[in-house]
Amino acid sequence: MSIEKRIHSLVRENILAMRAYGVADPGDLVKLDAMENPFPWPDEIKRQWLEVLAGVAVNRYPDAAARGLKTALRDAMGIPRESALLLGNGSDELIQIIITALARPGAKIMAPAPSFVMYEMTARFLGLEFVGVDLTADFALNVPTMLSAIEKHKPAVIFLAYPNNPTGNLWDVAAIREIIEASPGLVVIDEAYHAFSSRTLLDEIGEYDNVVLMRTVSKMGLAGLRLGLLVGAGQWLGEFDKVRLPYNINSLTQASAQFALGHIDFLNAQTDKIKAARKTLADALAGIDGVTQWPSEANFILFRVAGHGARDTVEALKQKGVLIKAMHGAHPLLDQCLRVTVGTTQENAAFLAALTEVLAA
Ligand SMILES: *Cc1c(COP(=O)(O)O)cnc(C)c1O
């Protein structure tokens, strides 16, 4: 039997039909496509960090409960005492853990659309139906359609990214509460961009027994460590913990994240710089003809180019040394839309100069 034949007879059909999540090789491009914090660590912090790493016993398995790191996360993020905590290898892994635990035959996964792609991809990996419910044209939750979709599909879990990716906005809290109250299943509030947002639901999730909240350290400056956290009732997290691979947070990540959170001031200072740069970038975009943008509570800005194709614009920007992401094609509401991550002052200036040239051509 040929290798192709064997593979086609063994790999699940929905996997055969998929494409792997593509990540472009950025080379020397100004990288504004992945919501990374652009700032390196200060030299003195780096020196102290290396000392911490030198003390890590990599011959041993990591602390399976990551006790030290959990305490540091609780302190740094003000996680309510009564909430339990579960860690993932990025919040991507937490999404996978949650959906795996809830993957009863016929279970459905729901999220507003457009939103973060991993909710749908992970549902598909597990052979579950994903139901996307369109946002309104200005990217607000469409409460009547959400409520009727909930009633019709009875989703096992609804993911609500707050702020939403790729649109950057926060949804109305009263609308979120209506959805939670109508939901027969679990609701996951995904606060991946909490560091840049003016609002959090962390202190409100305890009012509901069907809500958990997810965060990540990726967007606040530690994307390379791969660490996400789930906050919620111990009963829910106890079930999810059974699905978690025992040593999912490696020793270097535990030591590094605990160290960084112990020096949270430098990360907060970087966050403040990014928020200030977001305002400067939005003001500059407002002055470019043919650009429509949406207000952002995250470290990226979604915008539309009129009279130019979004994909052509991304290609032309790449020729000029700047990498951003075309969202066009991901959802009809994202027609001719692009998403740019807020970078350093110099990176943002390079992006703006390139965009101005491309749109003037
Ligand atoms: C980036 C992102 C994540 C994934 O974060 P990781 O912790 O890096 O896996 C989850 N949710 C949303 C909405 C995101 O934008």
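None of the figures in this text is laboratory data; all of them are computed from the coordinates on show. From a predicted model like this one, the values you see are computed outputs, not experimental measurements.
Kindly write out, for the stretch 268-280 in residue order, the coupling ³J(HN,Hα) from the Karplus curve 6.51 cos²θ - 1.76 cosθ + 1.60 (θ = phi - 60°), rounded to whole Hz, with x marking Gly and Pro.
4, 5, 5, 4, 4, 5, 5, 5, 5, 5, 4, 5, 4
Separation of the stretch 282-361 and the stretch 46-83 by C-alpha centroid, Å?
Measuring centre to centre over Cα atoms gives 38 Å.
Report, as a whole number in µm² per second, the diffusion coefficient that Stokes-Einstein gives for the chain at 4 °C and 1.567 mPa s using the Kirkwood radius over alpha carbon pairs.
Values: Rh = 21.7 Å.
The calculation lands on 60 µm²/s.
At a Cα cut-off below 16 Å, give the aspartates and glutamates reachable from residue 108, other chains included and same-chain residues fewer than 8 away excluded.
Leaving aside aspartates and glutamates fewer than 8 places away in the same chain, those within reach of residue 108 are 120, 129, 151.
By a straight-distance test (C-alpha under 22 Å), which lysines pair with residue 31 as possible cross-link partners, with residues fewer than eight away in the same chain excluded?
Those lysines meeting the cut-off are 219, 273, 275, 279, 318, 320, 325.
Starting from 0.36 nm per residue, how many nanometres of slack lie between residue 245 and residue 208 once their C-alpha separation is accounted for? Let's see the in-between values first.
Working: separation 37, 0.36 × 37 = 13.32 nm, distance 2.76 nm.
Answer, rounded to one decimal: 10.6 nm.
With both bridge residues required to lie in the chain, what share of the DSSP beta bridges run antiparallel, to the nearest 5%? Numbers along the way, then the final one.
Details: 19 of 38 bridges.
Restricted to the chain, the bridges split so that about 50 percent are antiparallel.
What is the gain in length, in nm to one decimal, between residue 311 and residue 280 on full extension, counting 0.36 nm per residue of separation less the C-alpha to C-alpha distance?
Contour length minus Cα-Cα distance gives 8.7 nm.
By how many nm would the segment from residue 53 to residue 8 grow when fully extended, if each residue of separation counts as 0.36 nm and the alpha-carbon distance is taken off?
Contour length minus the Cα-Cα distance gives 11.7 nm.
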